[in-house]
1. Based on this model, can you work out whether residue A:167 counts as more than 10 Å from the chain's Cα centre (by Cα) and over 18 Å from residue C:223 (Cα atoms)?
2. If residue B:130 passes every condition in (1) within 14 Å of another protein chain (Cβ to nearest Cβ); (2) over 17 Å from the mean Cα position of the chain (by Cα) but one, which one does it miss?
3. Specify the residue that is farthest from the other protein chains (Cβ to nearest Cβ); the eligible residues are those in region A:211-241 that are touching a helix residue (DSSP H, G or I) at 6+ places or on another chain (Cβ under 8 Å) and among the hydroxyl-bearing types (Ser, Thr, Tyr).
4. Within the set of pairs 6+ apart or on separate chains, which have a first residue in region A:202-229 that is closer than 13 Å to residue A:112 by Cβ and in contact (Cβ under 8 Å) with a residue 12 or more places away in the chain, a second that is among the β-branched types (Val, Ile, Thr) and not in a helix (DSSP H, G or I), and C-beta atoms under 6 Å apart?
5. Identify, please: which residue in region B:79-93 is touching a helix residue (DSSP H, G or I) at 6+ places or on another chain (Cβ under 6 Å) and more than 8 Å from chain A (Cβ to nearest Cβ) and is, among those, nearest to residue B:125 (Cα to Cα)?
6. What strands (runs of 3 or more DSSP E), lying completely within region B:13-106, carry at least 2 residues that are under 27 Å from residue B:219 (Cα atoms) and either of a type outside the set (Gly, Ala, Ser) or not assigned by TED's automatic domain parsing to the domain that holds residue B:182 (or both)?
7. Any residue at all in region B:173-194 that is facing chain A (nearest Cβ under 9 Å), over 20 Å from the mean Cα position of the chain (by Cα), on the phi > 0 side of the Ramachandran plot and at pLDDT 95 or above?
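The values are calculated or read from the model by the stated rules, or taken from the named source; none is laboratory data. What you are looking at is a predicted structure, and each value in this text was computed from that prediction instead of being measured. Neighbour counts run over all protein chains shown; Cβ positions are idealised from the backbone, glycine included.
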Amino acid sequence: MPGSGGEAAEVADSDMIDHGLRFEFDGDVERITLADPDRRNALGLERMESLTAHLRAIDTSASASVVVIDAEGPAFSAGHDLGELCGIDLESSRAVFDACVDLMTTIHVIRQPVIAAVDGVATAAGCQLVASCDLAVATSRSTFATPGVRIGLFCSTPMVPISRAVGRKRAMQMLLTGNPIDAATAAEWGLVNMVTADDGLTDAVDALVADITRWSSHTIAIGKEAFYEQIDRTEIDAYDFTRRVMSDNAVDDVAQEGIRAFLDKRAPQWPESAEG
Amino acid sequence: MPGSGGEAAEVADSDMIDHGLRFEFDGDVERITLADPDRRNALGLERMESLTAHLRAIDTSASASVVVIDAEGPAFSAGHDLGELCGIDLESSRAVFDACVDLMTTIHVIRQPVIAAVDGVATAAGCQLVASCDLAVATSRSTFATPGVRIGLFCSTPMVPISRAVGRKRAMQMLLTGNPIDAATAAEWGLVNMVTADDGLTDAVDALVADITRWSSHTIAIGKEAFYEQIDRTEIDAYDFTRRVMSDNAVDDVAQEGIRAFLDKRAPQWPESAEG
Amino acid sequence: MPGSGGEAAEVADSDMIDHGLRFEFDGDVERITLADPDRRNALGLERMESLTAHLRAIDTSASASVVVIDAEGPAFSAGHDLGELCGIDLESSRAVFDACVDLMTTIHVIRQPVIAAVDGVATAAGCQLVASCDLAVATSRSTFATPGVRIGLFCSTPMVPISRAVGRKRAMQMLLTGNPIDAATAAEWGLVNMVTADDGLTDAVDALVADITRWSSHTIAIGKEAFYEQIDRTEIDAYDFTRRVMSDNAVDDVAQEGIRAFLDKRAPQWPESAEG
């Protein structure tokens, strides 16, 4: 698989910087910060590979319950690194977009929910990154765009998750004009879950994280995997898959404890493994 | 097929109670009421089987034009019967979720439009039931949630129709947090069609029913079947199917009378069979 | 292929009338006007064939950058020609709906973005036409409906693009009742991109056209083709397709000039072929 040279990445047990990414782990939340504001957090090849490798390591170690991706500076991410694409040959171009797809699909396959915390401009692959996260919170001053058409490079990979989030006509409008939408519009169209005051992002993300980390990581891993497994199927195939997932889930130790606690009107005592 | 022991069910020609369900038929509308408020209209195995069997009987008899599903008490439905799931073995668990899928897909395959009339809390499989109905009306005090994650039992079958109704990020937010959404949000997200005042549900549902029952049941049966047949196909496959449906429909007696009446500026006289 | 007798159509280099359609070309925009207000711009078989043939010719000649479809009179289009359907035989009925599907899918496969400029009533196949265009702008007095159920002819082909634009429950509501929605609702549901004042349609469409024609037609053709190619695929298949499209696009002359100009902070000089 191209661009997967970072397989040996380990989960940070303290602050760590790699290719302009900062990784922080607080025992529940793995926070990944795009920390290259001077280059508007562009997603160069090595940065994407590093991000993908770390997401995989987070999945494998299963120590975190939730992943938050945020950014430093006025741009969440300006998308691909245009310096890297200038004068590129076809083989290298393919490596870049393969690595990009690898990153975006890895977000869906890791066990932890991934939350984009956006304060600023998210364009092209940066907007795609927001669309690819399971959840997204944005400040009111944030904007979203797919401006590739303006430089002759149509946002054809970003269109994949963006068109599935906002629908056909709205995606076409963004793609064909390159015009940005504001955060309120992004929320109305389903590209982000909620909009906060410009100084309220941290609190809103913390609250959302707390609303998820209180539940069993084991159960969330089952549900997230089922979600992406069913979403592209016909309804009947989606049901053929999920009814097995849910009937198996119902007899596991975590669900049985949860059900008993609910019926007994007491807090559940999750089995050790359910926290993993 | 598991859980289909109720095939012999007959359409009520007067009030009838079966497994906490009340069936009323007024000559045009078959009303099914979840009538077990003490157990928050939980969808136990036998209740789901009874509901499915009656929906099939309503389809076969073709006497009603529309089906309305409403409920007694503060909960529309709290979803699966947790008492039934507590200590359940895998085989029985499979029977429960097979019966649930059977119910939800039966709503789509019967000839009559099915309208959910919601006043109160619709959670888990109760929320799935609302999502599965062709149309839904809710009072402003109604709420919708997929809280399975809170008891370790992720709402993996409810996610199927809910994610198809509200989109990815909104479904993920409901599923991962378990937090409820209010009726206004449910309407904005497309989970329900309209919100009424808390004392306006009956009038709104009656008006919606009247807007449907005035048209030919024959035509509606053609359209409803085509809708679910096409919705999961690629656009080109959907067209390959629907263009045959519509060109056949155009030459049938009902359409020809409807077209002639329209051109003559008179009310159509539907053929006898069109009312069936 | 049925109904494609108009293959020999040529792009208008001046005003041209054909089957109640007016074609105007201003060097950048091909404007197609439904110019039969007395028959509420009904989409009869020959009119649909003419429209399809001209769209194909516009694609082949590649002289226009954008296509605008507008209409004369109070109806954008009332849909199929009911006089034509009255007393029709099955073979002719099939020819009508084959031609309709041919028209709607041709909108998606031509290289130019197609914008519906709606001022008035768009019903049945007229509403389908709006749903099928890449973008749509509507005046506030415009309305949209799928009223086929009222004449016994369910809108089974219109449901294909309409259900994909507005979602299941909203499409069902339109289809089962035949009730119209207003322009604001159509925008909220994603059926049209924007609503203008009743006297503001021309300006809004001109602005939207200007926001697209400033970019390379070559790039837009790549992107539009990729959009419809990926939209019905699973996400992973969509990515397998689009990553090749985008990596090939990145090394083409237009993108390389666009990237260089962006890095040099100057306006791009598109290669001659990019304007075509």
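1. Working: more than 10 Å from the chain's Cα centre (by Cα): yes; over 18 Å from residue C:223 (Cα atoms): no.
So residue A:167 fails the test.
2. (2)
3. In this case the residue turns out to be A:217.
4. A:209/A:29; A:209/A:66; A:212/A:66; A:213/A:66
5. Looking at residues that are touching a helix residue (DSSP H, G or I) at 6+ places or on another chain (Cβ under 6 Å) and more than 8 Å from chain A (Cβ to nearest Cβ), I get B:79.
6. B:21-25, B:29-34, B:66-71
7. yes
Rundown of residues vs (1) surrounded by 24 or more Cβ atoms within 10 Å (Cβ to Cβ); (2) in the same structural domain as residue C:178 (by TED's automatic domain parsing); (3) touching a Leu at 6+ places or on another chain (Cβ under 7 Å), yes/no style:
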{"residue": "C:124", "(1), (2), (3)": "yes, yes, no"}
{"residue": "C:131", "(1), (2), (3)": "yes, yes, yes"}
{"residue": "C:137", "(1), (2), (3)": "yes, yes, yes"}
{"residue": "C:141", "(1), (2), (3)": "no, yes, no"}
{"residue": "C:148", "(1), (2), (3)": "yes, yes, no"}
{"residue": "C:151", "(1), (2), (3)": "yes, yes, no"}
